[in-house]
Amino acid sequence: MLDNQDLFERDRELTQGKLAKMSETPYAFLRGSVAQLDRDLFEPGGAALRPWRFTDSEVDDVALVGDPHPENIGCYRAGNGALTLDFNDFDAASYGPFELDVRRLALGLWVACAQVGDELGDGVIADGDCASIAAGSAGGYAAEIAALAADPGDATVIDEDGDWGTIVAALLEDSREDGDDAKPLRDYTLVEDDGRTMIEGDIDPARLVELGDYRQAVIEDTVRPVPAAIATRMPALIEQWRETLWDPSIATAASTEILGITRRYGAGVSSYPFLRYYVLLAGPTAGPDDDVLLEVKEVRDPPPMPGLRRPIDAPYPTNGARVVGFARELQTFVDDDPWLGWADDGARAFRVRERTGYQNGFEVADLGAAIGAGTWTIDDASDFAELSGRVLARSHARARRARGTAAGAAIAAAIDDDQAFVDDVTEFAEDYGAVVLADHLRLRELLAAHGPDLGYGKW
């Protein structure tokens, strides 16, 4: 409850929606509870606290994705036009021990597999399949780290020409199709009289989540007008953002003229109650075909890591700078999203990115549907897990640690036994995965007993 206290004070209804959304599936609960995992990993008596032999002082300040679960993996079209696959959410990025990311990725894959197995039933997911998928991510990580230790230039870089397995091929194909079709610019804007305007209203309708005798509305995808104060402040935020782009020359004053602003509701799980604005820009020409849709999203402090010495995310002065700085360190290309930048508005920080169909992400719901239909198999899921581990290892190895040097050689030295490493990560995913499933059920019981705000303010 303390993780959400300030959100309850700011917007009770949206925070109720976050908890209801977390209650719907184990994977949604995992997405909304990264701070709890950190506490369980590092606090005395924590449910995830267990020995970790693969560490020393050389790998306690690795640049971390922070929340590398599989739904935070997706496609990008870099500045050179190439499509690639990368982690796409760095709100929780920080410096710390590499085990945090490795375990979080394997755990996310295990929980996704367990959820799909429960939904499909009838033994579609066999005993041991989820452990094998978690092991695949750890094996991919260890193999990539070893390869980079031998040759720092031998990194896995995903493109449209390689054979990366069925799931990644589908993600790249969908991204190319959606990007070329100008989605989501087409979904959230409308061209009228040779000009483009913002759509307002429900893109997808809200749903009611039943919590015992209680009901809670959960917004799926809604865009609404912004207050006048936001409209007044947005030009200053856009002006700040322009200066933080990797190549500021792409964002001239004319191309960043604001054509419309809405507030987006319904996205994310942890960030479901956060401020999220869509800003329509004029683009390079006066015509509507090259207009640009930006997302201006509130970002907050990363989850604390109890008991660990932490370098306070130097050299990043704000959360916006931190999120963007880590993205550029950890992703394949520094311009995976050429429009990525940040801005600050007093005490609030924002990450700014383009909303484009080229940024298509993996979804657990698609995994279940495709396995149920026979389009994908467990082997495909294992291939995706192995590649996910490689992408994480490449990110860790190439990014600078807090001390300023790349971490690859130090991580390779710490992993002195690949099989023991894989076994440890897999055992963790299985053991703590069971905790996640039980905690998810416990949340549902508490919401049913105390209502969608868990009785906040009534005690």
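Tabulated data
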read-out	value
In Hz, Karplus ³J(HN,Hα) per residue of segment 361-374 (6.51, -1.76, 1.60; θ = phi - 60°; x = Gly, Pro)	x, 5, 10, 4, 4, 5, 4, x, 5, 6, 5, x, 8, x
For segment 273-281, Karplus couplings with θ = phi - 60° (6.51, -1.76, 1.60), whole Hz, Gly/Pro x	x, 6, 6, 8, 10, 9, 10, 8, 10
Neighbourhood charge, 10 Å Cβ-Cβ cut-off, centred on R394 and excluding it, Lys, Arg +1 and Asp, Glu -1	-1
Segment 1-54 - Kirkwood radius from inverse mean 1/r over Cα pairs (Å)	12.6
Dipole moment magnitude, nearest 20 debye, the chain about Cα centre, only Lys, Arg, Asp, Glu C-beta charged	1880
Residues K183, K18, sorted so that the one with the fewest Cβ neighbours within 10 Å comes first	K183, K18
Where GluC sites (Glu not before Pro) fall in DSSP loop in segment 9-42, at most 10 other Cβ within 10 Å	none
Tensor-based shape of segment 322-375 (alpha-carbon gyration tensor, a/c under 1.5 rounded, otherwise prolate or oblate)	prolate
Per-residue [θ]222 nm for the chain (sum of -39500 (n - 2.57) over DSSP H runs n ≥ 4, rounded to 500)	-13500 deg cm²/dmol
Whole-Hz ³J(HN,Hα) from phi, Karplus 6.51 cos²θ - 1.76 cosθ + 1.60, for segment 296-305, glycine and proline x	10, 10, 4, 10, 10, 4, x, x, x, 10
Under 24 Å between alpha carbons - lysine pairs in the chain that sit 8 or more apart or on different chains	5
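We did not get these values from a lab; they are worked out from the coordinates using the rules stated. No experiment lies behind these values; they were computed from the predicted model shown. Counting neighbours? That spans all protein chains shown, and the Cβs are built from the backbone with ideal geometry, glycine included.
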